[in-house]
Each structure stands twice: as C-alpha cells, then as structure tokens.
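Novice: Sharing a structure, written as structure tokens. Questions coming.
The values are calculated or read from the model by the stated rules, or taken from the named source; none is laboratory data. All values derive from a computational prediction rather than experimental measurement. As a convention, Cβ positions derive from the backbone with ideal geometry for all residues, glycine included, and neighbour counts pool all protein chains shown. SASA here: full protein model, heavy atoms, side chains in, ligands and nucleic acids out. Shrake-Rupley method; radii C 1.70, N 1.55, O 1.52, S 1.80 Å.
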Amino acid sequence: MTHILVILETRDGVLRPASLEAVGAARIAADGLGGGTVTALACETFSADASSLGNAGADKVLIASATEHSADGAALTAARVAKELEASAVFLSATVRGKDLCGRLAAALESGFAADCTSAHTNGGSLSFTRPIYGGKALQTIQVNGPVVVASLRPNYFSSAERGGEAVVEETSAESGKGRVVKIAAKEGGRPDVAEANRVVSGGRGMGGESAWHLLEAVSDALPGSALGASRAVVDSGWRPHSEQVGQTGKVVAPELYIACGISGAIQHLAGMNGSQCIVAINKDADAPIFQHATYGIVGDVAEILPVLAEELAKVTE
Amino acid sequence: MKIITFVKRVPSTTTRVLIKDGNALDPTGVEFILNPYDEFAIEEAIQQKDKSGDGHILVMSFGSADSQKELRTALAMGADEALLLQNPDAPNADGATTARTLTAAVKAREFDLLLFGKQSVDKEQHGVGPAVATALGIPCITEVTKLDITDGTVRAEREVEGGREIIEAPLPCAITCQKGLNQPRFASLKGIMAAKRKTLDIVDTDMGTPLVEVLKMEMPPERPAGRILGEGVAAVPALITALREEAKVL
C-alpha cells in the first residue's frame, strides 16, 4: 500500500500555513494511487493539533524531539522515518526550508526530486508532477525515477483535504546535525511575506522613488493580510529590500489579488506573478505590457489613483 | 582556504522560451549566460580567499562543451583553475543527477568550502547544493545573504518567509548564495587576459541513468484577456465593483 510522508514546517512552535496544503496534496495523491496512508512528520517539537492535521488529510503525525532547527539533522530524521515507513513518496512545502530539505532528502534516499511543483498527478498508478521552469515561461511534467519520490510543492497551489477526522500523534527521536539555526529574527513591519500572502500590493519604477511607498503602504493597510512587493528595477535601485522582489530572480507569488502599481511588466517580472488569480495594473503608459496580463487595468498616475484606491478599499474591507 | 565553486550555463532571463520535441528547450536563437546566482558564488569565493590570506579557487561545471565560455568568465573574475565535466546531455540533466555527478568529482578533491548559486534560473530546482553536501556528509546553508567564516566556524544569515535565520556550521561546509550576499565584480581586461593562461581541464563525464524523466514540456496556459476599466481616479469605483462582484476577491 502507498505510504506518503509529509514533512511539516514549524517555527517557534507554530505550524507554517503551507504545511496543511502539502498534507492535503499527499491525501489526494494517496487516494489517487488506490488508497494509502499519509504520515506527517515535524522534525522539531511542537504542539500538534490532531484535528486540524487530521482534517487536512493526515492519518498519523510524528513529532521528533529536536528543540532547534538543523537542516542536515532534519534531513537525517526525515530520511530515517521515510525508510522506516517504507514511504514511496515524501512531500514538502517549497518554502526556503522546504526547498533546502528537498535536495538533501533526495540525496539521502539516493533518489531524484521534483522541486516547487504546482500540480501533482496520479495517472496510471504512478506519480508525476508539473512545475514551472524558466521563470514560469514554460511548464514541465516530470516523473522521479528513484526508490522514493521526493517533491516540494509551491505554496498557494494546493489545498488541505477538509475531510474531518483526527490524526494519531506519536513521538519519534530526532537525529542531530552539524549546522543549526542559532537565532530567528521576525520580520519587522507586521506585514506577511510576499511569497505567502494572499494579497500583494507591488510597486515598480513608475512609483517615482522610495518616498512614494507610503502610497502602497496605505493600499496594503486597507487590504487585510496583504504584503508589499517590488519589481527588480526597484530593488536594484535600492528603494526596497530584495526580500520584497517579485520575479524570476526574486520570489514567485500566486496570491488571489496582485495589484501592480507603476510596473511596466518586464518578462522576468511577469514570470513571478502570472499565477495570481486576479491581477490589477495601474500605470500611466497605456501601452505597458502589464496591461496584456492584467485582469483589470487603470491608465493613470499612481500618485493620484492610489490614495483614492486606499480610501475606497478601506470602505469595503472594514 | 580551498574553495570549489560551481557554475551553470543558462538561457538569459530576458530570452523567449520555445519548445523542441515536446520535452526540451529549443536553443535556436537563445542567448546563454552565466547563471546570475553563480556570480554571487564566484565573488564570494574570491572574497573568502582574499580574507583567508591564501587559498585556491577551483570552478567546476557539469555542462556541454559550450560551458567553457562561462568557466572562462569565472577565471577572468578571479578563480584559479577550471574543470568542465563534459556531457552533451548535461543541459537537460535534473538536479539530483547533476548533484550525483558533481559529488563524484568533488570527492576526489580536498576542499574547505563549496559555493553554489542558490538556484539556476533555468530549471529552478534549488537542490544541487544541499544534495551534494548531503552526499558528502557535510553541512550546507542555503540562500545565504551574509557570510562570516572565523576559526573554522561558518556563521551565515538567510531570509525565510517572514523572518531571518542565523545559522552556524563547522567547515567543511557548503553554501548556496542568494542575491544581496555581495556585489559581483565585472571581469577586468587584465583578468580576461590572465584567464586565457589559466588551466581549464575538460573531462568527458558519464552521468548514469537520470533520476528524473521529463514526460513533457509545454507553454503555460494563456491568461484570459483582461480589460482597461478607464483612466485616472474616475475608474476606481469600477475597479472596486469588479473586484467585489466579478473577481470576488474582496
């Protein structure tokens, strides 16, 4: 019978949102392969919610006894558990830690890996994955030919199973690693990370300068749960940090709503946000390529439009 | 400090992608460049070598014969010696197969530090550095934006979703380099001339049975055509209505 192992990601004892999506994807894959077990593994201790993980699709939750994150330690723990369970696949979230673990686990299990996948398929009893390549300019569908299929899944592309039911929670031992996280500093500003947010307000060179960013902050403040994003030109000019860069050499995002302000729509930027459900473009150049990719566009000056947009949004989101 | 850094020849990020035979990139008319993240790795190798007072930088690539160009660029920037693990099918190799091939070559050498780009901008697998490190049994720190090596201990910083992590590990260690780590130098004319006299070894390399099979490659679905709602602030109410009632995202 199929056994899929999902590696959960926790920070400060709290489960990261993308982990439930990976559990849901594993449930669907296990069912699609003719029924099987989904075991979720946290490589560090945390207080697991048996019903939310069970609801998301996990049959069993294993919690390893480590108290700090070590990527090489976590890989050893995960590889050991995968072997103990005779797992045929291991799923992770394609977060910074998940992408890191993905390559390690594949090497530890002498297998191949599929990174940053946007869909999983179970045709003909075997797993295959579709993933964007060349910054989203093309898609490839691949099959891992190794003893264990290791795959990381892009956040916001998969859903938890919502099937009800509780998972059985057990403890397991943790392997130690040579590298360890000695400190985690939370991001300042209180806004979520651009790669995780469901709504993104993003600015380009057309904003005019970093002093105009209060206009985007006002729009973001009117949109609960939104993050700030930026184009490469903005980051290269030093107006905003690289952590906010959206595009082929920044972060790839897929929020429900992406508001592009003063962004012309260079191919490498489009690659980073084309998966967004709804794209709004505000730009004074009516011929800007961004308008060909936007769901809705407004032609005009961001300095005039954004304060009004912030005000109108606040009225409906309050 | 003995450093090995790894580079890949990739299509430029401004290139248009076309598909050949349903499963690979059509290279016709494509401009190829040194993977941008590998430039951070080469720069870091040069800075760490300078800091340690003495050392050696080997730059390695698993690639086709064309990859000599990117290796020469690395030599011109300041690497001491280059090695091309040559295979005509290398550009289509998956990350795990590439890592296995590089691991075999690294094992035969002495090193303190391995420096990788955090990802290649073509297949974007993010996994080669961590996979090589795991196969070698050494620690690896990925997506590093700040690096300090003192008395055999590596202290690195990286951004994770919603925060920053500070990670420590002993040498020998692998690092994958993220934008922000340093400002890669341009090769000087002197560097380019010097690079012509540096050693670039070419070794025909078998990659074994690939660990990943590409079933197909296709263009992403086109987004449905959008519409311009109007000009200036007058269009804002129409946008709010569309977001609420049509897109249902508010």
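Novice: Can you tell me which residue within segment B:169-185, out of those that are under 20 Å from B:Val121 (Cα atoms) and either open to solvent by 50 Å² or more (accessible area, probe 1.4 Å) or in a strand (DSSP E or B) (or both), is farthest from the other protein chains (Cβ to nearest Cβ)?
Specialist: Per the criteria, the residue is B:Arg185.
Novice: Conditions: (1) out of contact with any Leu (no Cβ under 9 Å at 6 or more places or on another chain); (2) open to solvent by 10 Å² or more (accessible area, probe 1.4 Å). A:His269 meets all but one. Number of the miss?
Specialist: Tallying (1) out of contact with any Leu (no Cβ under 9 Å at 6 or more places or on another chain); (2) open to solvent by 10 Å² or more (accessible area, probe 1.4 Å), A:His269 fails exactly one: (2).
Novice: Of all the residues that make up segment B:191-236, how many are at the interface with another protein chain (Cβ under 7 Å from one of its Cβ atoms) and part of a helix (DSSP H, G or I)?
Specialist: The qualifying residues number 3.
Novice: Does A:Ser88 fit the bill of being in contact with a Phe, Trp or Tyr (Cβ under 8 Å, 6 or more places away or on another chain), touching a residue at least 24 places away in the same chain (Cβ under 8 Å) and either open to solvent by 10 Å² or more (accessible area, probe 1.4 Å) or facing another protein chain (nearest Cβ under 10 Å) (or both)?
Specialist: Judged against the criteria, A:Ser88 is not a match.
Novice: Another one. Which ones in segment A:159-186 are open to solvent by 30 Å² or more (accessible area, probe 1.4 Å) and hydrophobic (A, V, I, L, M, F, W, C)?
Specialist: Listed by number, the residues that qualify are A:Ala161, A:Val168, A:Val169, A:Ala174, A:Val182, A:Ile184, A:Ala186.
Novice: Please indicate, with yes or no, whether at least one residue in segment A:195-218 is surrounded by fewer than 22 Cβ atoms within 10 Å (Cβ to Cβ), of a type in the set (A, V, I, L, M), touching a Pro at 6+ places or on another chain (Cβ under 7 Å) and not in a strand (DSSP E or B).
Specialist: yes
Novice: Further, regarding this structure: Among the residues of segment B:141-163, how many are under 21 Å from the mean Cα position of the chain (by Cα) and within 24 Å of A:Gly238 (Cβ to Cβ)?
Specialist: Summing the residues that are under 21 Å from the mean Cα position of the chain (by Cα) and within 24 Å of A:Gly238 (Cβ to Cβ) in segment B:141-163 gives 12.
Novice: List every residue pair whose Cβ atoms lie under 7 Å apart, where the two residues are 6 or more positions apart in sequence or sit on different chains, the first residue falls within segment A:291-304 and is more than 7 Å from every other protein chain (Cβ to nearest Cβ) and on the phi < 0 side of the Ramachandran plot, and the second residue, located anywhere, is open to solvent by less than 60 Å² (accessible area, probe 1.4 Å) and part of a helix (DSSP H, G or I).
Specialist: A:Val302/A:Gly206; A:Val302/A:Met207; A:Val302/A:Leu215; A:Ala303/A:Ala212; A:Ala303/A:Leu215
Novice: Now for a separate question. Looking at segment A:11-40, which of its residues are closer than 22 Å to A:Gly73 by Cα, at pLDDT below 95 and open to solvent by less than 20 Å² (accessible area, probe 1.4 Å)?
Specialist: Result: A:Ala18, single match.
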